[in-house]
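Report on the structure given below.
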Amino acid sequence: MVDDELIDIFIQESREHLEALEPELLEMENASSDSESINTIFRGVHSIKGSSGFFGFDQIMKLSHVMENVMALVREGELTPNREMIDIFLESTDKLKIMVESPQTSTEIPIEDEVKRLEVFLGGTSTENAASAPAADNQAEVDDSGALPEALSGFKLDPYILKDAIGHGHLVFVIDLYMIRDIKEKNRTPYDYFKEIESLGEFVDAYFDFSVITGLEDALEAELKCRFLFTTVMGSPDMITSVFDIPEDQVHEIDLEALKGWIKSDPGTHMPASRTEEVFLEVVDEEIEEEPAPQAEPEVEVEAAAPQKEEASAEPATAKTSLARQKSKKADETVRVPVSLLNDLMNLAGEMVLSRNQLVRVAEKYGQDVNGLEGIIQNMNLITSDMHERVMQTRLQPLAIILSKFHRIIRDLSNKLGKEIVLEIEGEDVELDKSIIEALSDPLTHLIRNTADHGIETPDEREAAGKTREGHARLVARHVGGQVVIDIMDDGRGLNTEKLKKKAIEKGLITPESAETMSDKQAFGIIFLPGFSTAEQVSDVSGRGVGMDVVRTNIEKLGGFIDIESELGVGTKISLKLPLTLAIIPAMIVGAGERKFAVPQVNLEEVVRLGGKNQSELVRGTRVLRLRESLLTLIDLREVLDLEEDAAADSEAEDKEEDGYVLVMNLDNQQYGLVVNELYDSEEIAVKPLSVYLKQAVCYSGVTIMGDGKVAMIIDIAGITEIANLSFEDMNAQSMDETDEALSTQNEDMESLLLFKNEGFELFAINLSTVARIEKVKMSDIELVGEKEYLNLGGKSIELVRMHDHMPVATPENSPEQLYVLIPKLVDRPIGIVATQIVDTVETVVDLDRDTIRGTGILGSTFISDSLVIVVDIYSLFESVDPRSYKVTETLEHFKTLNLLLVENNAFFRNIQMAFLQDIFAEVDFARNGLDAWEKLNDKDYHMVITELELPSLNGFELLARARKSERLSAIPFIATAGRNEQMNAQKSEEAGFNQFLMKFSKRSTQNAIKEVFEKNTPLLTNTHL
Amino acid sequence: MTFYLGDDLFGISILMVREINQNLDITPVAKVPEYVKGVLNLRGQVVTVMDLANRLAYIDKEENSEHSCCIVLKTNEEIEDNYGSSDLEDSTMNDKIGLYVDRIGDVLSIESKDILITPNQDSKLDAKFVKGVVRLQDQLLVLLNLSTVLDPKIGNES
């Protein structure tokens, strides 16, 4: 009867109970005694006790029994759970776990210590007998009790259960089950009966009555019987007979009064001498040989469970009161399947998908020829996809499986180490393939232990360091870019790099020389060296010096990556990056060159089609795309992967690029665009691991098989950026060498232009840096004063200008209701420019044509995206609008012999200023950047320098500082200009020793400044020329 | 198990071979060592295909002839499952690997006494990839040392 299958079920069930127990115990510690968790614990140990008793695993039963008794007192409110008690409960649970795994050898495991410590909670008298060895309690004691009903002899009696049951109004029954009649012929096992009893009431004990067997000869024929003692709420023997389907004479009701008397007289547990475990098991073995056990395969088991449930619910009263009924039936909802079977299933499912795809392809050709074929294939198509998906899912498991035990580990460790540690876990629902989950368990446990042991300080140390007494550890798991990242963070003492280095040198792991040059990051890496342990005192928790290098090896074996960040006294963060191997991720299938790739959708934010308005531009050697208000660095997949065979055909490549797509990716909060030339489909792909050869390329995170059966590489976003950055650096380095001049000129001439229309077809451009803001206004908001229009803006009136009133441009026939007003900055008195339509902003190099289109307010014309654009000269426009404020009344004649150097990197400003300054000075030269200016200053004599503060290569401040140090140049007056941050720059430039600070765009103030500077600083010079 | 690269005959232990595949729909992969020809879909499994000629720095080979095929090797795990942790004297990889060869030869039984430990006379080949040479009736058979051929840490420069 006690067949391996049954014991397997026992092991599985007990395991589940024990697993359910632990979190409840921890829960109980936190939130003081929640009755539900107490019940769960009680039911768990009770059930283990019951079934172990049934199988005769006495050690398991003994321990679970004592646990149950203690828990019963807690449930009654006679005991309050405290830390000590939960400790011992947890330890006992661990012991049970060990024993349950191999119940047959469970007797070899010592449990005396746990039992003794548990009994302390039970207090004096009640427990002595339970503690003593079973053999010591013998038949004589039962006989002594006298009052015990005859039917109960041979049973091991538990006064607690009996008392509890009687107290709840239970009746006590003994039933006899005959092996052949009730078990063999009904095709049931004693365990079935046991389960049934559990569902109706409380199982107390059971034994086989071997008295009928006199020798081996009659063992086969003898009516072996199994006696069960149990308590139930069912009120009469005939109910029992009907439930168990046994004749009435096999049911014996026990006289409660007699039992009560016995409980009072001797509440010890009685173990009849005739029933030692050895005998029990021996005879059981014999039993199996004698009559083959009824088929007890899992299916049978499940089938049996179902009707039993119905039976039980037919007795509503029973169901409600019985504790055993409440036992969750989880076991019925899951089926245990060997992983190898799942692997096979998955491979088969994969192959089926491929066959399906082939079938679909054939059906496309011949489908019309066969009636109904298309429908069938379509159906099969769906089913196959569905099945495939489900099969894949069977292998995925949430991280919770391994993470949940960490609460316990941290708790035990904090006790042991005298620390107070709070562990927070996030991302338990992140799913990973089973194989990874399993392989991750040990390394993670080690890391958590390390954190508790080495990372977090003792409460006293923490307090001394001004931290809270309790240390915090956080474990966060999340998906990042097709990978799973697990961070383990603490706010502990951090890694001491000096200590690490010292130790490593002592141990001969590194040389003192290499320690000198080590970066912090490299120093952290020391802990991964084999044979290194940092704890000054090696504890049994961690620090055997085998740990971290094993952790790293294991993580790397999984295709993962481990990284440490730490700050001394602040904390440590260890990040594990793991591939999703075999996990399923949604991905976008894209084409680059002739090949297809899968891009994980986790990082994908949007897709933009290149071409038309979305043109990529070249900024400082990097291709970018203007996407709304931000610039997006573009990375061309073909370039990165060297897929472009003929890279030399640059213009051609550019053409191609413009009809591609940009995948806007987000990586660690940084956006960039991945350029591909084809966009296919989004598919759920199964990530397969890379072989060692393929891992050498950092740009792939895995490989997958697409729906059409083709293999596609999965792009590793982080890897791609890495490669791209490298190649960009190469490119930059190259250009510095070869085409420095040309390229930098081009780059620095880049301007941001705002394109707008003034109703007509003409396209106008204005430098974006001169626009303070753009207001959207209605015609009705504009007030007319005299002939001039004004707009009330934040309490201030601003004069408006219609470009056609002053400039030689088309006059719109009627003004629309909706208008835009461009408010310029960097001017003395802002005048709003009216526009009817804002077209776009572009970043471009303006090739200004000053001759073709000329007139007031026009700087020149240029072509942007093949359209003619009129570049507006705000300066001359305003001059025309408001001569009083803007027109320069006085002309400076007396500087006509002097030379000026204008340093300005912005072509737009340069153009405007040059024209005007040329009227004042004899010669005006310009420099595009600080270095250029410095060279020019050394080559030629200048009498004044006007420089922008923010310059490439050498900024205005640096240029001034250099000049002031030079004997020849120190006396030259410098005027600073700035396009923004006027207040700050004015102050800074004064401090730096500039003679004057100017805002751009004001002719009049520029003129005044020049005059003032000359008069004040070099009176000699000016006097000479006056 | 023998096969040809160009006109020369090579051999590996048949126990290492999982199957021979004529499906050469190999997807090339960028940014990987040159001797990696690409990846192949073998009924739902991804096989990395090594261009053996390239790996052996063996110039004398035919270009994708109609006889070209892929010898798919067993993984170490499969070998262990089949033969136990045996003393097969050679090993493959934990990944699924295929060898791209020009032509498949016969399966021959070789007595170990017939295997000559290579004198370094065949200068075309790097000695570390060679396990031994067998003199057949009409030509030489070069037995490859798969564990070194497959080891990505070993370069193919002579």
| query | Among the residues of region A:689-711, which ones are more than 7 Å from chain B (Cβ to nearest Cβ) and either among the hydrophobic types (A, V, I, L, M, F, W, C) or crowded, with 18+ Cβ neighbours inside 10 Å (or both)? | reply | A:P689, A:L690, A:V698, A:Y700, A:S701, A:G702, A:T704, A:M706
| So which of A:F561, A:F532, A:F528 ends up being in contact with a Gly (Cβ under 9 Å, 6 or more places away or on another chain) and modelled with pLDDT under 80? | A:F532
| message | If I filter region A:985-999 down to residues being polar (S, T, N, Q) and open to solvent by less than 30 Å² (accessible area, probe 1.4 Å), which single residue comes out as modelled with the lowest pLDDT? | response | A:N985
| Among the candidates B:R43, B:R55, residue that is farther than 13 Å from B:K74 by Cα, open to solvent by less than 40 Å² (accessible area, probe 1.4 Å), touching a Leu at 6+ places or on another chain (Cβ under 9 Å) and of a type in the set (D, E, K, R) | B:R55
| field | Those residues of region B:1-53 which are hydrophobic (A, V, I, L, M, F, W, C) and not in a strand (DSSP E or B), in sequence order | value | B:M1, B:I12, B:I14, B:L15, B:M16, B:L24, B:I26, B:V29, B:A30, B:V32, B:L52, B:A53
| Is there a residue being at pLDDT below 70, of a type in the set (V, I, T) and crowded, with 18+ Cβ neighbours inside 10 Å anywhere in region A:265-275? | yes
| So A:R474, is it under 24 Å from the mean Cα position of the chain (by Cα), within 30 Å of A:V664 (Cβ to Cβ) and either modelled with pLDDT of 85 or more or outside any strand (DSSP E or B) (or both) | no
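Listed here are the residues, each with its yes/no results for (1) closer than 29 Å to A:E431 by Cα; (2) out of contact with any helix residue (DSSP H, G or I) (no Cβ under 8 Å at 6 or more places or on another chain).
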position: A:A473; (1), (2): yes, no
position: A:H479; (1), (2): yes, no
position: A:I488; (1), (2): yes, no
position: A:R493; (1), (2): no, no
position: A:I505; (1), (2): no, no
position: A:S514; (1), (2): no, yes
| note | Of the residues in region A:972-984, those that are modelled with pLDDT of 75 or more and not hydrophobic (A, V, I, L, M, F, W, C) come to A:P973, A:T977
| field | Matching residues, region A:670-688, being away from chain B (no Cβ under 14 Å) and open to solvent by 10 Å² or more (accessible area, probe 1.4 Å) | value | A:Q670, A:Q671, A:Y672, A:N677, A:E678, A:L679, A:Y680, A:D681, A:S682, A:E683, A:E684
| request: Determine, yes or no, whether A:A312 is open to solvent by less than 30 Å² (accessible area, probe 1.4 Å) and at pLDDT 70 or above. | output: no
| task | Pick out the one residue from A:T384, A:T394, A:T321 that is at pLDDT below 75 and β-branched (V, I, T). | result | A:T321
| message | Looking at the structure I just gave you, is A:A439 in contact with a Leu (Cβ under 7 Å, 6 or more places away or on another chain), in contact (Cβ under 8 Å) with a residue 24 or more places away in the chain, of a type in the set (G, A, S) and assigned to a helix (DSSP H, G or I)? | response | yes
| task | Six or more apart or on different chains, Cβ under 9 Å: which pairs go from a residue in region A:241-258 that's within 11 Å of A:D176 (Cα to Cα) and in the same structural domain as A:E196 (by TED's automatic domain parsing) to one that's small (G, A, S) and buried (at least 16 other Cβ atoms within 10 Å of the Cβ)? Could you list them? | result | A:H252/A:A151
| field | A:I88 being modelled with pLDDT of 80 or more, open to solvent by 10 Å² or more (accessible area, probe 1.4 Å), part of a helix (DSSP H, G or I) and among the β-branched types (V, I, T) | value | no
| Residue ranges of helices (runs of 4 or more DSSP H) in region A:899-972 with at least 2 members within 20 Å of A:L848 (Cα to Cα) and under 60 Å from the mean Cα position of the chain (by Cα) | A:907-917
| request: Identify all residues within region B:135-156 that are touching a helix residue (DSSP H, G or I) at 6+ places or on another chain (Cβ under 7 Å) and free of Cβ contacts under 8 Å to residues at least 40 places away in the same chain; write none if there are none. | output: B:T148, B:I154
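Let's see how each residue does on (1) open to solvent by 20 Å² or more (accessible area, probe 1.4 Å); (2) under 24 Å from A:I717 (Cβ atoms); (3) in contact (Cβ under 8 Å) with a residue 60 or more places away in the chain:
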residue	(1), (2), (3)
A:A473	no, no, yes
A:V485	no, yes, yes
A:I488	no, yes, yes
A:R493	yes, no, yes
A:E498	yes, no, no
| request: Would you please name the residue that is farthest from the other protein chains (Cβ to nearest Cβ), looking only at residues in region B:3-23 that are in contact (Cβ under 8 Å) with a residue 60 or more places away in the chain and either in contact with a helix residue (DSSP H, G or I) (Cβ under 6 Å, 6 or more places away or on another chain) or among the aliphatic types (A, V, I, L, M) (or both)? | output: B:L9
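The values are calculated or read from the model by the stated rules, or taken from the named source; none is laboratory data. Please read all numbers here as calculations on a predicted model, not as lab measurements. A quick note on method: Cβ atoms are made from the backbone with ideal geometry, for glycine too, and the neighbour counts reach across all protein chains shown. The area values use the complete protein model at the heavy-atom level, side chains included, leaving out ligands, DNA and RNA. Shrake-Rupley method; radii C 1.70, N 1.55, O 1.52, S 1.80 Å.
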